[in-house]
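Take a look at the structure set out below.
Values quoted throughout were computed directly from the atomic coordinates according to the rules given, and no laboratory measurement underlies them. Here the structure is a predicted model, which means the values were calculated and not measured. Cβ atoms come from the backbone with ideal geometry, glycine included; neighbour counts cover every protein chain shown.
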Amino acid sequence: MIDAYGPTAERYARGLGDIELVITDVQHLGNAYFGAVQRLETGVPFYSMLLVDDPRVDFGYRYGEQIMAQLANGETRSAALEQLVQGSLPVNGMRADAVWQIDRALEGMCIEFLALGTTVLIRSFAEVARLQRWAVSAFPPRPLPPIERILATASLPEIDRVASPAGGVVVWAPHRPALECAIALHGLAGFQGELSCVSSGGPLPSHSAANFFRAGEAGVAAVLGRASAIVCVDPNDPSDAVAFARLGFGIIAPLTSGAHEFASNVVAWDALDAQLLPAAVTAAFARPAIVRAEPVRPLRRPQAPPRPDFIDEKRLPLVSIVTPTYNRRDDLRKMLSCLAAQTYPNIEAVIVNDGGAAIDDIVAEFPFARLIKQPANAGALRAVERGRTEARGEYIGLLPDDDWIYPDHVDRLMNAMFRSGTLVAHGAGLLRYLERGDDGVWWTYGLNNRTFSQTMCPTDALVSATLGGHQMLVHRSVYDTVGGYILDSDVSDNEIHIRFTKLYFYAFVDQVTAEFRDHAGGQNRQCDFPAALREIYDKVHPITGRPVISRQREDTIAHIASREPGQPPFPPTLRRMRSPGIPAGPAAV
Amino acid sequence: VPPVERILASARIPSVERVRPEGPGVVVWAPLRPAVECALHLHGLAEFHGELTCVSSGGPPPSKSTATFLAPGDPRVSGALSRAAAVLCADPSDPSDAVAFARAGYGVVAPITSGAHEFARDVVAWDAMDARFLYTAAAVAVARPASVLAEPERPPRAP
């Protein structure tokens with residue numbers, strides 16, 4: 001099933017067939033992000049896809065006619081377009097190349113959204129450089145998620161090709177207003193043959209002698225039938241160009257569309273460089289394009305890495321998940337349901353009741369769960385340590401009673417450790433921010449797939465750890481060697497990574513497999529983190545002779561101390577207001 | 001631009017039988033480059049805890065590296081590759097070795113400029129100059145085996 005957010009995404013999705021996908025226009029990114037998180041909870045792997053125009057070409061298309069309409073003759077228009085190609089055209093006192101940069105916050109959000117899917121679908125590899133720039137410039141930088149290409153089904157009319165001695169050219173932009181073809185038509189102003197432009201309609205560009213058609217209009221098929229070459233205007237989607245190549249037309253397509261990746265002999269063109277178009281058309285007349293092999297279609301749903309061959313499926317090691325709990329019956333039941341949904345088959349849950357009301361009935365509902373009772377409330381860390389020492393599994397994970405893991409969490413982390421030989425593995429963690437509404441129902445007002453979606457090296461751990469206990473699985477020998485959590489510290493889950501990373505390399509499953517649920521009653525809102533960190537920095541793990549780390553430690557304490565009391569330790573990267581209506585949902589395609 | 005087609009060369013990687021690793025292992029693969037040209041890679045992995053091997057064409061090793069340096073024909077290369085979960089391919093232009101490692105199911109880190117990600121799924125693409133990112137890339141690659149879904153189309157014998 002496809003969930004499509006935004007009109008372009010809906011149209012594009014119709015050409016993709018049956019596939020598990022969340023696809024969005026960049027303008028609808030926020031809603032798509034929330035929708036993708038809902039999908040994560042189901043445990044069904046899905047693709048993510050973001051339709052964002054190349055910002056440089058998009059700028060040129062939007063404003064090309066406006067720029068040229070102000071200029072008196074062909075030479076001055078050509079000179080302006082030359083400056084546009086170079087990025088030096090003055091626009092409201094700025095260079096054009098400064099105007100068309102999209103903002104950094106949006107870039108980071110794009111990567112956060114895309115990383116929610118198991119695999120990112122792209123229209124062509126030409127998009128990869130842009131994605132890579134976003135991923136690396138995000139803070140923290142993160143690896144590019146797994147990517148695959150997908151080619152949509154084109155929507156060309158039935159074309160009956162006929163011989164045309166004059167040689168016709170069609171500027172093909174069925175999903176764009178005619179004005180956005182202004183640059184291409186300016187480049188072809190001196191063309192002597194039959195020149196046509198197929199667009200979605202609207203006012204026509206000035207100074208063009210082309211015949212204009214609306215997409216779907218009678219006459220389009222005939223014009224295409226007489227054409228020798230097609231100038232495909234879309235700067236991002238190669239599907240129409242490839243469909244024309246299949247029919248043996250000469251094709252000129254923007255380099256940014258990646259059409260040349262699918263079809264040989266495509267004349268790749270900088271979509272803003274009008275001056276190059278006459279030569280491109282001449283070349284395309286003599287060079288029909290060919291699709292020699294159809295591109296491989298992605299599977300219906302992305303696949304997680306398989307279990308390595310050397311693992312005996314019948315003798316998978318036991319994994320113990322330890323949960324401290326105190327008077328949260330409903331949360332505990334939900335948490336145990338998360339464990340019941342795990343696809344890894346050999347799990348025990350060790351529930352430590354930290355002196356709270358009886359929960360025997362809830363634990364009894366889950367045959368894989370075992371209950372341990374603390375005689376009195378002694379705090380979560382002591383409960384964790386009690387559960388850990390009583391765990392029987394070869395591998396141990398933690399899961400607070402109000403947090404969640406997704407169905408593939410244990411499976412993916414175990415596979416990572418089997419495969420790599422590491423004794424510690426972790427996934428990415430999604431922060432979900434909850435508020436209780438007037439009706440008493442929790443609702444999600446914010447998300448963050450950035451802060452807890454990174455790994456750490458020993459030097460990182462000396463400063464701060466953004467890796468929560470329930471994102472990880474640890475071989476029990478690691479605890480035997482290094483020891484467990486220090487008690488009576490608000491940052492013991494940070495501290496343990498200083499000891500772990502000194503000896504162990506972590507395998508990082510770069511997929512969201514765990515969720516932190518932040519709300520006003522949560523313990524992490526009440527802690528005195530600066531004091532706790534100071535204790536760790538100065539007394540437990542002091543460092544000397546590393547001035548950069550010392551300064552980063554001071555900066556970290558100052559940063560945390562500047563937070564408003566009672567607010568989340570890490571802010572949401574995406575927020576939404578609660579509206580009386582239901583938030584805009586996707587179109588199921 | 002004249003008509004273009006891609007061609008993938010035959011790789012030069014040894015055939016090894018992979019075993020279940022007892023600890024994390026990463027191989028920096030640069031068989032055609034002198035060892036000193038792996039300095040950035042090894043700097044990026046300076047804090048890696050595990051078996052770190054660098055296969056290069058030889059010469060003086062970079063300073064401050066605890067990696068084991070081997071020449072391509074050294075019999076110990078096969079052992080290192082059989083135990084490794086991930087291979088960091090240093091070549092910034094030629095994806096053929098990275099694709100061969102993907103075919104064998106290794107986690108693969110390859111410079112984005114090599115285009116290895118165009119042939120193989122799940123390659124961890126990396127800016128070859130960005131050493132600070134390599135530790136994370138290796139942590140991801142050991143958990144993310146690459147694969148080649150369909151072998152790339154070979155161009156005809158003559159255009």
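Please name whichever of A:A105, A:T422, A:I549 sits farthest to the positive end of the charge dipole of the protein assembly as shown, dipole taken about the Cα centre and charges placed at Cβ: Lys and Arg +1, Asp and Glu -1.
Selected residue: A:T422.
In the neighborhood of A:A378, defined by Cβ-to-Cβ distances under 12 Å, what is the net charge if each Lys or Arg adds +1 and each Asp or Glu adds -1?
Summing Lys/Arg as +1 and Asp/Glu as -1 gives 0.
Take the Cα radius of gyration of segment A:67-114 and divide it by 2.2 N^0.38 Å, with N its residue count; two decimals is plenty.
1.58
Taking neighbour Cβ counts within 10 Å as the exposure measure, how do B:E22, A:E180 sort from fewest upward?
B:E22, A:E180
Hey, with R₀ at 30 Å, roughly what FRET efficiency would A:K502 and A:R133 work out to, going by the Cβ-Cβ distance, to 0.05?
0.30
Pick from B:V123, B:V87, B:V77 the residue whose mean-square fluctuation is largest in a GNM of chain B, springs joining Cα atoms under 10 Å.
The residue that fluctuates most here is B:V77.
Starting from 0.36 nm per residue, how many nanometres of slack lie between A:I486 and A:D538 once their C-alpha separation is accounted for?
17.2 nm
Which one, B:A67, B:A98, B:A116, has the greatest fluctuation when you compute a Gaussian network model over chain B with C-alpha springs under 10 angstrom?
B:A67
What is the extension gain from A:D312 to A:D360, computed as 0.36 nm multiplied by their sequence separation minus the C-alpha to C-alpha distance, in nm to one decimal?
Stretched fully, the A:D312-A:D360 segment lengthens by 13.8 nm.
Under a straight-distance cross-link criterion of Cα-Cα below 25 Å, which lysines are reachable from A:K502, leaving out those fewer than 8 residues away in the same chain?
Output for A:K502: A:K539, B:K64.
Let me check I've understood the local charge: for A:S137, count other residues with C-beta under 15 angstrom from its C-beta, Lys and Arg +1, Asp and Glu -1. What total comes out?
Charge balance near A:S137 sits at +1.
Could you check which residue among B:H41, B:H49, B:H117 shows the biggest mean-square fluctuation in a GNM of chain B with a 10 Å Cα cutoff?
B:H49
Using each residue's phi in segment A:46-59, evaluate 6.51 cos²θ - 1.76 cosθ + 1.60 at θ = phi - 60° and report the 3J(HN,Hα) Karplus result to the nearest Hz, with x for Gly and Pro.
Taking θ as phi minus 60°, the curve returns 9, 8, 10, 8, 10, 9, 10, 6, 4, x, 5, 5, 4, 4 Hz for segment A:46-59.
Test of understanding: what is the full-extension gain from A:Q86 to A:A163, defined as 0.36 nm times their sequence separation minus their Cα-Cα distance?
23.8 nm
Tell me, what ³J(HN,Hα) does each residue in segment A:335-347 have, in order and in whole Hz, if you take phi through Karplus 6.51 cos²θ - 1.76 cosθ + 1.60 with θ = phi - 60° and put x for Gly and Pro?
Rounded to whole hertz, the list is 4, 5, 5, 4, 5, 5, 8, 5, 7, 6, x, 10, 10.
May I ask for the percentage of alpha-carbon pairs in chain A that lie more than 48 Å from each other?
So the portion of pairs separated by more than 48 Å is 27 percent.
Could you compute the FRET efficiency for B:R157 and B:S57, with r as their C-beta to C-beta distance and R0 at 22 Å, rounded to 0.05?
The formula returns an efficiency of 0.10 here.
Once label points are set 7 Å from the Cα along Cα→Cβ at both B:R132 and A:A218, what is their separation, rounded to one decimal in nm?
Going by the 7 Å Cα→Cβ label model, 6.5 nm.
Report the antiparallel proportion of the DSSP beta bridges in chain A as a percent, rounded to a multiple of 5.
About 25 percent, rounded to the nearest 5.
If we count every other residue with Cβ under 14 angstrom of B:R33's Cβ, Lys/Arg +1 and Asp/Glu -1, where does the sum land?
Result for the local shell: -3.
Which part of segment A:102-133 falls in the paramagnetic zone of A:T42, meaning amide N under 19 Å from the point 7 Å along Cα-to-beta-carbon?
Inside the label zone: A:113-121.
What is segment A:1-45 by shape, rounded, prolate or oblate, if you read a ≥ b ≥ c off the alpha carbon gyration tensor as root eigenvalues and call it rounded for a/c under 1.5, prolate for a/b larger than b/c, and oblate otherwise?
Oblate is the answer for segment A:1-45, as a/c is 1.5 or above yet b/c matches or exceeds a/b.
Tell me, what ³J(HN,Hα) does each residue in segment A:450-465 have, in order and in whole Hz, if you take phi through Karplus 6.51 cos²θ - 1.76 cosθ + 1.60 with θ = phi - 60° and put x for Gly and Pro?
Per residue, the Karplus-derived 3J(HN,Hα) values read 10, 4, 9, 10, 8, 9, 8, 9, x, 5, 4, 5, 5, 9, 7, 10 Hz.
From zero up to wherever the largest Cα-Cα distance of segment A:338-418 sits, split into 5 Å bins and tell me the percent of pairs in each.
Spelled out per bin, shortest first, that is 3, 14, 24, 26, 20, 9, 4, 1.
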